[in-house]
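Chemist: Encoded as structure tokens, here's the structure I'll be asking about.
The values are calculated or read from the model by the stated rules, or taken from the named source; none is laboratory data. Note that the structure is predicted; figures quoted are calculated from it, not measured. Here Cβ is always computed from backbone atoms with ideal geometry, including for glycine, and neighbour counts include all displayed protein chains. SASA here: full protein model, heavy atoms, side chains in, ligands and nucleic acids out. Shrake-Rupley method; radii C 1.70, N 1.55, O 1.52, S 1.80 Å.
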Amino acid sequence: MSDKHGAVDREMVKDMSHDASSDDGIKASAFEELQRFTIQSQKRTLEETKTLMEAVCQKDNLRQALKRVMTNKGSAGIDDMTVAQLKQWFAENEQNLIDSLLGDVYKPQPVRRVSIPKPGGGQRDLGIPTVIDRLVQQALMQVLSPIFEQYFSNSSFGFRPGRSAHQAIKQAQEYVREDRIWVVDIDLEKFFR
């Protein structure tokens, strides 16, 4: 009926909806139970989302995200706001940002596209979000990463705290020493092209 997160298979609901219109009281009660479960699941998901977003919008979390974005530096996005300008913007707009996030009206800006040369030839496309969007992304990551990190495979090294490409190479070397013959490197960007 549902996965571990409470998502309900819509086709099953449709099938049960059809069955519920019959004279069979058992099927009708099963459908009613599924409806109750679905409503409860949706309420629980909404409550969890509000709780997570409230955690994202905690002033300490946002200020830590601001520090991280400023430390990482980087280029301006399409709005031309620099990392140096972000601190002043945040001081003047912190509550407006929180209200827009909690009010579900925050809209990320388009990403500025830049092509840079690859060492071996060709070009690599980079997407540069605005510094405000990077602040929001960092605040989200600080809340969500500890939740999801525990579910990642120990064999996964990409874009994870305390993990690096150097560690992935060391692990691959260990596999070679163990006489394993397959090492897989997956590039998700190219997978979806």
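Chemist: Calculate the FRET efficiency for LYS59 and ILE147 from the Cβ-Cβ distance with a Förster distance of 22 Å, rounded to the nearest 0.05. Could you put the intermediate results ahead of the total?
Modeler: Values: r = 20 Å, r/R0 = 0.92.
Once the sixth-power term is evaluated, E becomes 0.60.
Chemist: Which entries of LYS67/LYS118; LYS67/LYS107; LYS87/LYS118; LYS59/LYS87 have Cα-Cα distances beyond 24 Å here?
Modeler: Cα-Cα > 24 Å for LYS67/LYS118; LYS87/LYS118; rest within.
Chemist: Write down the accessible area per residue of region 46-193 in Å², having rolled a 1.4 Å probe over the full set of protein chains.
Modeler: Dividing the accessible area of region 46-193 by its residue count gives 75 Å².
Chemist: Oh, and also: Taking the Cα centre as origin and putting +1 on Lys and Arg beta-carbons and -1 on Asp and Glu beta-carbons, what dipole magnitude results for region 51-105, to the nearest 20 debye?
Modeler: Dipole magnitude for region 51-105 comes out near 380 debye.
Chemist: As a test of reading the structure, rank TRP182, TRP89 by solvent-accessible area (1.4 Å probe, protein chains only), most first. Don't jump to the answer; show the numbers that get you there.
Modeler: On the way: TRP182 200, TRP89 60 Å².
Final ranking, largest accessible area leading: TRP182, TRP89.
Chemist: Along the Cα→Cβ direction, 7 angstrom out, place labels at GLN85 and ARG124. What is the inter-label distance in nm?
Modeler: So the label points at GLN85 and ARG124 sit 2.8 nm apart.
Chemist: Starting at the first residue of region 84-91, write each ³J(HN,Hα) from the Karplus equation 6.51 cos²θ - 1.76 cosθ + 1.60 with θ = phi - 60°, in whole Hz, x for Gly and Pro.
Modeler: Rounded to whole hertz, the list is 4, 7, 4, 4, 5, 4, 5, 4.
Chemist: Determine the share of region 90-151's accessible area contributed by carbon and sulfur atoms, expressed in whole percent, with a 1.4 angstrom probe.
Modeler: The nonpolar share, carbon plus sulfur, comes to 56 percent.
Chemist: Additional query: Only four residue types carry charge here, +1 at the Cβ of Lys and Arg and -1 at the Cβ of Asp and Glu. Report the dipole size of region 70-193 about the Cα centre in Debye, rounded to the nearest 20.
Modeler: Values: 15 positive and 15 negative charges, 97 e Å.
That gives a dipole near 460 debye.
Chemist: Still on this model: Show me, for region 62-72, the HN-Hα J-couplings you get by feeding each phi into the Karplus relation (A = 6.51, B = -1.76, C = 1.60, θ = phi - 60°), rounded to Hz, glycine and proline as x.
Modeler: 5, 5, 5, 4, 4, 4, 5, 5, 5, 5, 6
Chemist: Which far-off residues, 5 or more places away or on another chain, put their amide H under 5 Å from the one on CYS57, with H placed in the peptide plane?
Modeler: The answer is none.
Chemist: Which ³J(HN,Hα) values, rounded to whole Hz and listed in residue order, are derived for region 103-119 from phi using the Karplus coefficients 6.51, -1.76 and 1.60 in 6.51 cos²θ - 1.76 cosθ + 1.60 with θ = phi - 60°, glycine and proline given as x?
Modeler: Coupling constants for region 103-119: x, 6, 10, 5, 10, x, 7, x, 8, 6, 9, 9, 9, 10, x, 8, x Hz.
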